[in-house]
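First up is the structure itself, then whatever we jot down about it.
Since every read-out is calculated from the coordinates, none of them should be taken as a lab result. This structure is a prediction, so every number in the text was calculated from the model and none was measured. Heads up, the Cβs are rebuilt from the backbone with ideal geometry, glycines too, and the neighbour counts pull from every protein chain shown.
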Amino acid sequence: MKQDVELADRVAPDREAWRTPGRETDPPATETYVQRFTMPVEFPVVFTQDLFDPSNPALADVASRLERDKRHRLFVVLDDGVAKAMPDLADQVAAYVNHHGDRLELLALDLAPGGEAIKNQAGAVEGLLQRMLELAVDRHSYVVAIGGGALLDLVGYAAGICHRGLRLIRVPTTVLAQNDSGVGVKNGANAFGVKNFVGTFAPPFAVLNDFAFIDSLEWRDKIAGMAEAVKVALIRDAGYFNWLEANAAALTAFEVDAMRHMIKRCAELHLQHIGSSGDPFEQGSARPLDYGHWSAHKLEGLSGHELRHGEAVAIGMALDARYAVLAGMLAAAEGERICRLLENLGFTLWHPSLEMTAANGELAVLDGLREFQEHLGGELTITLIAAIGRGVEVHSIDGGHMLTALDWLRDRARPK
């Protein structure tokens, strides 16, 4: 009994202070156990050519990397825009699986709308979940998403919440998805008019980047993805920025070697950041990889998604670069280099949606700051550029400087 009293003393030594008048019993003791564990997270990011050529083992190899002596069940979701651009692709996928039938089994290949519209589509997630239920997709099956970033986001979200997480293999088909969003750990869908309001952090099982898909893109989509290369160069690698400057003409001509290097180096830098930042699931407030994105996300919606994501990011980066110059953070010559590179790559650094006003009469794009903070949580944290290759975090934005930066962009875009 004495031992019990000593234990109670250790748990609640000030029990007299807790005693309620007229009550002689002690309050219940509070004990806290802190559970802590770590687990390795790894996934291959493969760069290849002609992924669905039967002689290319990449898909079969990654699907069987954990369990080699079984047939792996695949549910394939294909971006309908990709299917239109590559009419034989569905048959190629089926033939590939048949060729590797000792290791792979095709449950179904479904078409789904691509582009940002699918992330706004009511019932899209539920439709995918219903299909997974019908096909008896389980946690040892694979969901293979083939498409642009929006489709990868949505399919990844559905896979992430089905059975508390299925194995997802991403096959990005755009520049932006191959060098940025497709190699990350985020999935999501838009809801209630807010971009990526719902989503998960869930590393993919594998990412397969097939350069053959890039050839099928329209020129505008090839260029749009280059914005993320400029972004990651600005915050992480001045040498890469210099390479982009020197090879802008080759990139806009879509020369094969230049395009491949641009995509691979951009993807490498994104992977390095995710793996070394100490915050892969974004628990803090800082988001260096979202440089230029606070206004870009708002502009996408204001433009009715007429602006591609990369096009909006290019405008956002130019806006924030000029703001940093006005705030005395960035040398004017470096701000000019940033804008000139974006223009040389083919971006237009102005859009009429920048002049749209909200109900209170203020510029609607500026509301993107509030929405950005709400999405990220914590205090407002915006990445700005102090020098090419070096990003810094700020926690307030001077409205006057931002309006002046907008005026500067408008004047720059006017015909000379």
What helix-only [θ] at 222 nm does the chain give? Using -39500 (n - 2.57) per DSSP H run of at least 4, over all residues, to the nearest 500, the answer is -13000 deg cm²/dmol
Translational diffusion coefficient, Stokes-Einstein: compute it for the chain using the Kirkwood radius over C-alpha pairs as Rh, at 25 °C and 0.890 mPa s, and state it as an integer in µm² s⁻¹.
105 µm²/s
Arranged by the count of other C-beta atoms within 10 angstrom, fewest first, what order do Tyr323, Tyr240 take?
Tyr240, Tyr323
Give the shape of the range 187-334 as rounded, prolate or oblate, defined through the alpha-carbon gyration tensor: a ≥ b ≥ c are the square roots of its eigenvalues, a/c under 1.5 means rounded, and otherwise the shape is prolate if a/b is larger than b/c and oblate if not.
rounded
Counting only DSSP beta bridges with both residues in the chain, what percent are antiparallel, rounded to the nearest 5?
30 percent
Under a 5 Å amide H to amide H cut-off, with H placed in plane at 1.01 Å, what residues pair with Ala191 once short-range neighbours are removed?
Asn196, Phe197, Val198
Of Lys195/Lys222; Lys222/Lys298; Lys119/Lys298; Lys119/Lys222, which pairs sit farther than 18 Å apart, going by alpha carbon to alpha carbon?
Lys195/Lys222; Lys222/Lys298; Lys119/Lys222
